[in-house]
């Protein structure tokens, strides 16, 4: 029994030494991991809107207002202020994912104002979907790109409208509205047409 206890103590001692050596090797890597995590961006860009709408449809402004929100990723980084921004607007999601702003690549622009800017790229086409994203710089660092947002333009130019007014066809000449000794002065306006239909109710 005494020999077995001594052997157990010896194994426990060897295991403790091995554990200490293993910890000394892994500790620097663990600390390095912590340093990498602490270097993540302190600000996240989200809440993208176009003319105050989330992925709006039928935007009729040729220079819509693009807006975003800054959110601190860490509690100690609350109150961060934007120093600059960059916006990409593309004609397809694939191009935007490749960071190709074929309609607008603003480049880095210095701005400490509220995170909002008027579109300033190539002329937008009517009835077209656009894809955009933004990133910002603070006094300390640069954020990552935001998620992708979209907006669909409506009819941006009067020439885009192809329609006719709904009106009744004139089927008879107008009557004299008033007259004097010199003749009629105002021709009457035909009665306004009534748009109506009939239906039957089968249940009371």
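The values are calculated or read from the model by the stated rules, or taken from the named source; none is laboratory data. Everything numeric in this text was worked out from a predicted model, so none of it was measured. Every residue, glycine among them, receives a Cβ derived from its backbone with ideal geometry; neighbour counts consider all protein chains shown.
Listing for the model above:
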quantity: Some residue of region 147-157 being in contact with a strand residue (DSSP E or B) (Cβ under 7 Å, 6 or more places away or on another chain), modelled with pLDDT under 95 and more than 22 Å from residue 54 (Cα to Cα); calculated: no
quantity: Matching residues in region 92-114 - criterion: being over 14 Å from the mean Cα position of the chain (by Cα) and surrounded by 14 or more Cβ atoms within 10 Å (Cβ to Cβ); calculated: 95, 100, 101, 102, 103, 104, 105, 106, 111
quantity: Every pair of residues 6+ apart whose Cβ atoms lie under 9 Å, when the first sits in region 152-172 and is over 25 Å from residue 89 (Cβ atoms) while the second is surrounded by 11 or more Cβ atoms within 10 Å (Cβ to Cβ) and at pLDDT below 90; calculated: 168/190; 170/190; 171/190; 172/190
quantity: Residue list for region 136-145, restricted to those being out of contact with any strand residue (DSSP E or B) (no Cβ under 6 Å at 6 or more places or on another chain) and modelled with pLDDT under 90; calculated: 139, 140, 141, 142
